[in-house]
């Protein structure tokens with residue numbers, strides 16, 4: 001059977017992480033961030049009590065069955081930078097999977113993670129795979145560049161393995177225009193579009209078009225995909241990096 005999408009589950013977290021309310025943790029994090037920000041002449045951090053931990057968000061989404069490989073994809077930094085989250089998840093996830101994180105690629109990070117998992121699976125090395133896409137809504141400092149901060153803490157677990165919804169190799173096109181998505185997804189049964197592509201929804205030739213929550217820059221398309229049954233094409237665009245990303249399942 002081909003390798004592909006088995007299921008997806010999304011969850012939002014209305015309350016901040018338990019560690020965010022710990023005064024000792026907040027003091028250490030403030031010192032750590034202040035030292036980093038001072039090097040670039042940026043102001044002191046503030047508002048850390050509302051942040052969330054990617055490890056804490058991912059824990060309830062881990063499967064009961066063993067996993068061979070796990071990738072955590074994120075863009076907004078974790079409120080708990082002192083923990084190597086992917087390594088920790090490898091320890092607590094059934095199967096003790098090979099695990100690592102993908103970041104600093106904006107919305108393309110999840111698609112890169114999927115490409116890596118697919119390549120491993122097709123080599124016969126790690127067939128049962130888990131892609132965790134997460135974003136927390138607290139950025140307690142000015143990064144000095146425009147950043148779209150999500151409205152809510154959200155994490156999505158996408159499970160892969162033997163499936164009739166075969167996963168093709170994700171396409172990540174640099175320097176693309178948002179309108180390029182129309183040709184790239186033409187003829188699909190169901191298309192999920194990221195918020196930066198919503199204005200082109202009426203031009204997409206598909207049986208069904210689902211729009212991601214505009215308040216969730218990175219997890220939006222994967223959260224929307226979790227609500228769709230059957231073959232689906234997921235498309236997202238990072239306006240800052242000008243990456244157009246498309247993945248087809250089935």
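The values are calculated or read from the model by the stated rules, or taken from the named source; none is laboratory data. Model, not experiment: these values are computed from the prediction. Note that each Cβ is placed from the backbone with ideal geometry, even for glycine, and that neighbours are counted across all protein chains shown.
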Among the residues that make up the stretch 91-103, is at least one of them over 22 Å from residue 235 (Cα atoms), within 18 Å of the chain's Cα centre (by Cα), in a strand (DSSP E or B) and touching a residue at least 60 places away in the same chain (Cβ under 8 Å)? no
Residues located in the stretch 1-57, provided they are under 30 Å from residue 164 (Cα atoms) and over 25 Å from the mean Cα position of the chain (by Cα): 1
Any idea which of 152, 163, 179 is touching a residue at least 12 places away in the same chain (Cβ under 8 Å) and in contact with a helix residue (DSSP H, G or I) (Cβ under 7 Å, 6 or more places away or on another chain)? 179
Checked the stretch 162-199 for anything under 17 Å from residue 225 (Cβ atoms) and in a helix (DSSP H, G or I); matches are 181, 184, 195, 196, 197, 198
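Which of the residues belonging to the stretch 139-161 are assigned to a loop (DSSP other than H, G, I, E, B) and touching a strand residue (DSSP E or B) at 6+ places or on another chain (Cβ under 8 Å)?
Within the stretch 139-161, 150, 152 meet the criteria.
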Exception for residue 78 within (1) crowded, with 21+ Cβ neighbours inside 10 Å; (2) at pLDDT below 95; (3) over 14 Å from residue 134 (Cβ atoms) falls at (3)
